[in-house]
Amino acid sequence: MTPFGKLKRDFAGKKVLIFGLGVLGRGADVAKLFVEIGAKVTATDIKTAPKLGPSLKRLRGLPISYILGRHRAEDIVNTDVIIRNPGVPWNHHLLERARQVGIPVLMDTALFMRYFEGTSVGITGTRGKTTTTLLIRALLSTGNRTVFLAGNATRKANCRLLTHSSQSLAVMELSSWELQGFRDERRSPNIAVVTNLYADHLNTYKSMEEYAADKETIFLFQNKRETVILNRENPYTKKMAERVRSVVRWFSKEDFPSSWKLPLRGAHNFENAAAALKVADLFGVPKDIEARVFAGFSAVEHRLETVGRYRGIEFVNDTTATTPIATIKALQAINQPTILLVGGNSKNLPLEELPGEIEKHVKAVVILKGTGSRLLVKALKPWKDLKVYYPSAFDQAVRTAIKLASPGDVVLLSPAFTSFAEFSNEFERGERFNSLVKGLTKRKEREK
């Protein structure tokens, strides 16, 4: 029986509760998949129907029951299995209740791993996960093997990918939330990569140690013959090696050949490339092909991505920089006068050296709305010569940045905080930035 056939056998006819639909698409596809395999599906989300519009549109006409705007205790105990969205806390009180009465609480990607018979490569870390994942996929796709993206790297239900054969290779971007599901399943990928570890999500985790423990799940259940690839330069990943039972391989940015081209901004991207290179070497990818893949790789969407130019001004979208360290890396990567769009809601993270780096690299600062912005403004007060502006909303902030910029400048959206003061997620924030920049480039065309 195929892996997908086994999934269907185990869940057909079962009552399945989707706990958190979300708005990014994968939660909706998980619900759709379980309908397709014959489960009786109920979906619940604390968001109301208007806020879940895109997800509900995808599910229109399907036999799904909905409980929206709240979660109900009776739904937890009146089901056979719960599929938890990664955005829902592992220790949600209703999920704790479900576990107490013996109802399985599963996650899509971890469930995929239960059935998948091919080889898995998992990538986690605080920064660089997506870029490293896509680099690895590009490198491994140069051979005869079938390589596909899974985890956070796809909007599809991961269990839908079980149609791939045992000869295929899954390259998975894994958040700390998704790795909680791996811990419950007591599974780790065959090859694990940890790009780095910095303070993050401390508005959800009680401590850095708790956050790191979830990340360590990526190698915790490997056998002695499997491999974990760790960052030699990061203090946290160096400590992780003490708890590894599998084979450890190290990387640093110095491992990337100096004669090779990498058309990505920032020293941190050489770290990402070096990590990907270690994986490619495990699979025997020839060096000339590796060099060609790196040279042809372009910036990943929403990550130091140049999205337009107008009257000599470059616009760079780095909306996924939701931590101070990410914005520090972005500022260090740009060697031009910079107008910085920064701010948003706090994740209770230390600002680290961000104020000093802003003073060193930035021509003017435009503050975005949010709880974290107040902390940053206070931290910037010692630099009295720094120009700081306080628009009332995001669109006005972008327009202010444009007015402040001169030919040769960069307008950089690298917020250092979450987007929730004005947007539902950082991608929506980035798309709005792109839309405003696109409006400028259209105006430029009309002016010709």
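The values are calculated or read from the model by the stated rules, or taken from the named source; none is laboratory data. As the structure is a computational prediction, the values presented were derived from the model and not from experiment. Heads up, the Cβs are rebuilt from the backbone with ideal geometry, glycines too, and the neighbour counts pull from every protein chain shown.
Screening ASN152, ASN91 for residues that are at pLDDT below 95 and closer than 20 Å to VAL228 by Cα leaves exactly one candidate, ASN152. If you filter region 34-53 down to residues that are of a type in the set (Gly, Ala, Ser) and under 21 Å from VAL81 (Cα atoms), you find that the one that is nearest to the chain's Cα centre (by Cα) is ALA43.
One residue stands out among those in region 307-321 that are of a type outside the set (D, E, K, R) and in contact with a Pro (Cβ under 7 Å, 6 or more places away or on another chain): the one that is farthest from PRO391 (Cα to Cα), which is GLY312.
Per the conditions (1) modelled with pLDDT of 95 or more; (2) among the aromatic types (Phe, Trp, Tyr); (3) surrounded by fewer than 24 Cβ atoms within 10 Å (Cβ to Cβ), the sole criterion not satisfied by TYR198 is (1).
Yes/no per residue for (1) outside the structural domain of ALA43 (by TED's automatic domain parsing); (2) among the β-branched types (Val, Ile, Thr); (3) in contact (Cβ under 8 Å) with a residue 24 or more places away in the chain; (4) in contact with a Cys (Cβ under 8 Å, 6 or more places away or on another chain):
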{"residue": "LEU62", "(1), (2), (3), (4)": "no, no, yes, no"}
{"residue": "VAL77", "(1), (2), (3), (4)": "no, yes, yes, no"}
{"residue": "MET113", "(1), (2), (3), (4)": "yes, no, yes, no"}
{"residue": "THR126", "(1), (2), (3), (4)": "yes, yes, yes, no"}
{"residue": "ARG137", "(1), (2), (3), (4)": "yes, no, yes, no"}
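When region 54-81 is limited to residues that are more than 20 Å from HIS92 (Cβ to Cβ) and part of a loop (DSSP other than H, G, I, E, B), the one that is nearest to the chain's Cα centre (by Cα) turns out to be LEU59.
Answer with yes or no whether VAL398 is assigned to a helix (DSSP H, G or I), farther than 26 Å from LEU197 by Cα, of a type in the set (A, V, I, L, M, F, W, C) and at pLDDT 95 or above. Don't jump to the end; show me each part of the working.
Values: assigned to a helix (DSSP H, G or I): yes; farther than 26 Å from LEU197 by Cα: yes; of a type in the set (A, V, I, L, M, F, W, C): yes; at pLDDT 95 or above: yes.
Yes; evaluated as a whole, the condition is true for this residue.
Does GLN222 satisfy being in a loop (DSSP other than H, G, I, E, B) and over 18 Å from ILE123 (Cα atoms)? Spelling it out, it is not the case that GLN222 is in a loop (DSSP other than H, G, I, E, B) and over 18 Å from ILE123 (Cα atoms). In this structure, is SER176 within 25 Å of ARG232 (Cα to Cα), of a type outside the set (A, V, I, L, M), buried (at least 19 other Cβ atoms within 10 Å of the Cβ) and free of Cβ contacts under 8 Å to residues at least 60 places away in the same chain? For SER176, the condition - within 25 Å of ARG232 (Cα to Cα), of a type outside the set (A, V, I, L, M), buried (at least 19 other Cβ atoms within 10 Å of the Cβ) and free of Cβ contacts under 8 Å to residues at least 60 places away in the same chain - is met. When region 257-284 is filtered for residues that are farther than 18 Å from GLY122 by Cα, more than 24 Å from the chain's Cα centre (by Cα) and either surrounded by 17 or more Cβ atoms within 10 Å (Cβ to Cβ) or of a type in the set (Phe, Trp, Tyr) (or both), only TRP260 remains. Evaluating GLU426 against the criteria (1) over 17 Å from ASN345 (Cα atoms); (2) among the acidic types (Asp, Glu); (3) in contact (Cβ under 8 Å) with a residue 60 or more places away in the chain leaves one unmet condition, (1).
Selection within region 407-428: residues that are among the β-branched types (Val, Ile, Thr) and more than 15 Å from the chain's Cα centre (by Cα). The member of this set that is nearest to ASP200 (Cα to Cα) is VAL411. Which residue is farthest from the chain's Cα centre (by Cα), if the candidates are limited to region 187-233 and must be among the hydroxyl-bearing types (Ser, Thr, Tyr) and over 20 Å from LEU135 (Cα atoms)? So the residue we want is SER207. Consider HIS201 against the criteria (1) at positive phi; (2) part of a helix (DSSP H, G or I): it satisfies all of them except one. Which criterion is unmet? It fails just one condition, (2).
Before we move on, is ASN190 surrounded by fewer than 21 Cβ atoms within 10 Å (Cβ to Cβ) and not assigned by TED's automatic domain parsing to the domain that holds THR322? Reasoning before the result, please.
On the way: surrounded by fewer than 21 Cβ atoms within 10 Å (Cβ to Cβ): yes; not assigned by TED's automatic domain parsing to the domain that holds THR322: yes.
Yes; evaluated as a whole, the condition is true for this residue.
I'd like to know if region 16-23 contains one or more residues that are more than 23 Å from LEU68 (Cα to Cα) and hydrophobic (A, V, I, L, M, F, W, C). No, the conditions are met nowhere in region 16-23. Would you mind finding the one in ALA31, ALA43 that is more than 24 Å from GLU210 (Cβ to Cβ), part of a strand (DSSP E or B), at pLDDT 95 or above and of a type in the set (A, V, I, L, M)? That would be ALA43, the only listed residue that is more than 24 Å from GLU210 (Cβ to Cβ), part of a strand (DSSP E or B), at pLDDT 95 or above and of a type in the set (A, V, I, L, M).
Residues checked against (1) of a type in the set (Val, Ile, Thr); (2) at pLDDT 95 or above; (3) over 25 Å from the mean Cα position of the chain (by Cα):
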| position | (1), (2), (3) |
| --- | --- |
| LEU304 | no, no, no |
| ALA333 | no, no, no |
| GLN336 | no, no, yes |
| LEU340 | no, yes, no |
| LYS347 | no, no, no |
| GLU352 | no, no, no |
| LYS381 | no, no, yes |
| ALA393 | no, no, yes |
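With a requirement of 3 or more residues that are in contact (Cβ under 8 Å) with a residue 40 or more places away in the chain, the strands (runs of 3 or more DSSP E) lying completely within region 265-380 that satisfy it span 305-310, 313-317, 338-342.
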